[in-house]
Amino acid sequence: MKALITGISGFVGSHLAEYLLGKQVEVTGTIRNRSRMDHIRHLKDIQLVECELRDPFSVESLLAKVKPDLIFHLAAQSFVPTSWNSPVDTIHNNVAGQVNIFEAVRKHDLDCKIQIACSSEEYGHVEPDEVPIKETNPLRPLSPYAVSKVAQEYLGYQYHKSYGLKVIPTRTFNHTGPRRGENFVTSNFAKQIAEIEKGIKPPVLMVGNLEAKRDFTDVRDVVRAYWLALEKGTPGETYNIASGKCCTIREMLNLLLSFSNKEITVQQDPERLRPSDVEILLGDYSKFHQATGWKPEIPFEQTMEDLLNYWRER
Ligand code: GDD
């Protein structure tokens, strides 16, 4: 069994590669010349191919060479605030990159299953009586990033219906754990605490909107879900991947602070506030559970402690 992971050097990609190697799957991943390699350097048994997903030629040669049975399409511009600063780049990167994959799969007539990493951000504005969020909830995206994920998902649906591509979109709610990029809130706060503990930063932790509510799953549970999505999911169906619980960002911060014995002051930085923030994401993962038997296993406290220790060790 051969798997291709786009964005293998990223946070989720590196965890997925580890998981697949544990299942004796042959793993190839795409990187770009500017990719950071520190998350995958320890993985000796993977093949890396340089590929620019925005370039149809680059994608076509990749797929002609690898001919995967499974594609996990993770590569994306995935940071919501960047999508306000570079909306065109976000749309182009996320949408065109995926179309290039679909067209190359068609051209080479590959019989493969394709998981596409869509997002709970697609739900966007959610009314208080609309939680927990099911796959049937309306999509009201609130950022260019969220719109790019809606487009990715609908293209997956369209290529499935038009050409029979076996596409399975996963709407993953927030996920974190060791190696999470430092821009994302859990990692950003954990890194600040670790730096304060090391004495390389004054004891003031900068934050944005602490009232937003998010549903966090451990990345190691998420990659297991991606595997199961392709093993047991139905092509053309979309699945929520979530923990079924949510907390405010303030509660998440308080949990992290409880792991440290430093006196730390919290200060809001207006630069960290967004033009529009999704107020609440709380997912219902029962459809995915019914299809695959998946449920999250790693407690949130464990995830956050592992994340803080990751930054302490760096
Ligand atoms: N990044 C960041 N930094 N977010 C902050 C901060 C801060 O200092 N302070 C508060 N927040 C709030 C944000 O306003 C948002 O409400 C929440 O923390 C989470 O922010 P992020 O970690 O940046 O993630 P996100 O929810 O915008 O998006 C993530 O989850 C999506 C799935 O719902 C990303 O991983 C997306 O790629 C993913 O699709």
Answer residue from the stretch 216-239, given it is open to solvent by 50 Å² or more (accessible area, probe 1.4 Å) and in contact with a Lys or Arg (Cβ under 9 Å, 6 or more places away or on another chain) and is farthest from Ile8 (Cα to Cα) among those: Glu237
In the stretch 171-215, the residues that are of a type in the set (S, T, N, Q), in contact with a helix residue (DSSP H, G or I) (Cβ under 8 Å, 6 or more places away or on another chain) and surrounded by 15 or more Cβ atoms within 10 Å (Cβ to Cβ): Thr172, Asn174, Thr176, Thr186, Ser187, Asn209
Top-ranked residue of the stretch 19-38 - restricted to ones that are touching a residue at least 60 places away in the same chain (Cβ under 8 Å) and open to solvent by 10 Å² or more (accessible area, probe 1.4 Å), ranked as nearest to Gly177 (Cα to Cα): Tyr19
Among the residues listed as Glu135, Glu127, Glu122, Glu153, the single one being in contact with a Ser or Thr (Cβ under 6 Å, 6 or more places away or on another chain) and not basic (Lys, Arg): Glu135
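What do you reckon, is Lys161 touching a Ser or Thr at 6+ places or on another chain (Cβ under 7 Å) and either open to solvent by 50 Å² or more (accessible area, probe 1.4 Å) or within 8 Å of the ligand (Cβ to nearest atom) (or both)? Spell out the reasoning first.
Details: touching a Ser or Thr at 6+ places or on another chain (Cβ under 7 Å): no; either open to solvent by 50 Å² or more (accessible area, probe 1.4 Å) or within 8 Å of the ligand (Cβ to nearest atom) (or both): yes.
Answer is no for this residue.
Being more than 21 Å from Lys134 (Cα to Cα), more than 14 Å from the ligand (Cβ to nearest atom) and within 16 Å of the chain's Cα centre (by Cα): is that true of Arg224 here?
Details: more than 21 Å from Lys134 (Cα to Cα): no; more than 14 Å from the ligand (Cβ to nearest atom): yes; within 16 Å of the chain's Cα centre (by Cα): yes.
Here the answer is no, as Arg224 does not meet what is asked.
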Which listed residue is among the hydroxyl-bearing types (Ser, Thr, Tyr) and within 16 Å of Phe72 (Cα to Cα), from Ser143, Ser119: Ser119
Qualifying residue in the stretch 259-275 (condition: in a helix (DSSP H, G or I), buried (at least 19 other Cβ atoms within 10 Å of the Cβ) and modelled with pLDDT of 95 or more): no
The lone exception for Val167 - which of (1) within 16 Å of the ligand (Cβ to nearest atom); (2) open to solvent by less than 20 Å² (accessible area, probe 1.4 Å) it fails: (1)
Scan of the stretch 199-219 for residues that are touching a residue at least 60 places away in the same chain (Cβ under 8 Å) and either more than 6 Å from the ligand (Cβ to nearest atom) or farther than 16 Å from Asp277 by Cα (or both), ordered by number: Pro203, Val204, Leu205, Met206, Glu211, Lys213, Asp215, Phe216, Thr217, Asp218, Val219
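The values are calculated or read from the model by the stated rules, or taken from the named source; none is laboratory data. On a predicted model such as this, the values are computed, not experimentally measured, just so you know. Because the Cβ atoms are built from the backbone with ideal geometry, glycine has one as well, and the counts that use them run over all protein chains shown. Ligands, DNA and RNA are excluded from the accessible area calculation, which covers all protein heavy atoms including side chains. Shrake-Rupley method; radii C 1.70, N 1.55, O 1.52, S 1.80 Å.
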